[in-house]
């Protein structure tokens, strides 16, 4: 009897193994099916997201799939601290910082564009002839399809009197260089909010070159700017013979100016294959709150400034590499009693970049 039971057990062992194997196969099949369903769900979700993203892109715009951009650049900036009389009395005069050129770079990660530049060192001859200017210029921009946000900071210390001849008749430029104001210090920082009213016109394609415009198109533009400006001086910025025409500016030691500007304009991009040309112009006005210190007292005032911003670029926008030349000019005013200060910023930039 024992032998019979033993042989039955031996005979049933393969059957148990088969049953166990069947259960494992069913479990694996179940897990495989669950994974397939998860993958299918993720695929549909991804396709839906991609379809939604593509629907946001206008027909006239080609977006490059690469999220990173790097552009070394060389620029020649020109800054002018221009003073004129609001009463049409006296001579205009211009102070300029000494900037032989700047080198920098721009990077873009998805929608965030950051640009920074550093002044090339001046030799002793240039410092003696003009002045030793301390310089900082940083720009951060977030450009959307309709709205852009731009943060900027500019700092210039050390200026020379460009048109000194009409004030210093016997000045010896060969031995003294230009008349200097080493303590004239202008700081400016703020926020620009821009609006583009045509989705088929791309400022990104024009200036940041993170995408490409297929056909020529333009748009009406609007810009809101909130900016803080500070001027510091040692009361020597009014040239000889002009103090009676600029009595308040002659006594100026420092001033803080908070300005809200609204400007309107337009831009248009001419497209010729992968080459493009884009002019942009905006002009406007706003309100300026002034608090400045003169040699004998402090004054608070409210004034109405003017503002103009123009840019133009010509470039090549390839699939991986791009290059452009950009010219920009901006000026805004700071009226102080009988004086009108115009801050001009001009810039010519040469850039060559890559996307990856």
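The values are calculated or read from the model by the stated rules, or taken from the named source; none is laboratory data. Treat the numbers as computed from the prediction; the structure is a model and nothing was measured. Cβ: placed from backbone, ideal geometry, glycine included. Neighbour counts: every protein chain shown.
Overview of values
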| read-out | value |
| --- | --- |
| Filter result for residue 316 (outside any loop (DSSP other than H, G, I, E, B), in the same structural domain as residue 71 (by TED's automatic domain parsing) and closer than 30 Å to residue 209 by Cα) | yes |
| Qualifying strands (runs of 3 or more DSSP E) (wholly inside region 58-103; at least 3 residues being crowded, with 17+ Cβ neighbours inside 10 Å and in contact (Cβ under 8 Å) with a residue 40 or more places away in the chain) | 68-85, 93-97 |
| The listed residue being touching a strand residue (DSSP E or B) at 6+ places or on another chain (Cβ under 8 Å), closer than 25 Å to residue 337 by Cβ, in the same structural domain as residue 296 (by TED's automatic domain parsing) and surrounded by fewer than 16 Cβ atoms within 10 Å (Cβ to Cβ), out of 258, 191 | 258 |
| Every residue from region 119-136 that is within 17 Å of residue 78 (Cβ to Cβ) and at pLDDT below 85 | 119, 120, 122 |
| Which numbered condition residue 283 fails, given (1) in contact (Cβ under 8 Å) with a residue 12 or more places away in the chain; (2) surrounded by fewer than 15 Cβ atoms within 10 Å (Cβ to Cβ); (3) under 24 Å from residue 91 (Cα atoms) | (3) |
| Residue pairs meeting the criteria (Cβ under 7 Å; at least 6 apart or on separate chains; first more than 10 Å from residue 69 (Cβ to Cβ) and assigned by TED's automatic domain parsing to the domain that holds residue 139, in region 201-216; second part of a loop (DSSP other than H, G, I, E, B) and at pLDDT 90 or above) | 211/202; 213/60; 213/202; 214/60; 215/60 |
| Condition met for residue 278 (closer than 30 Å to residue 100 by Cα and either outside the structural domain of residue 109 (by TED's automatic domain parsing) or modelled with pLDDT of 90 or more (or both)) | yes |
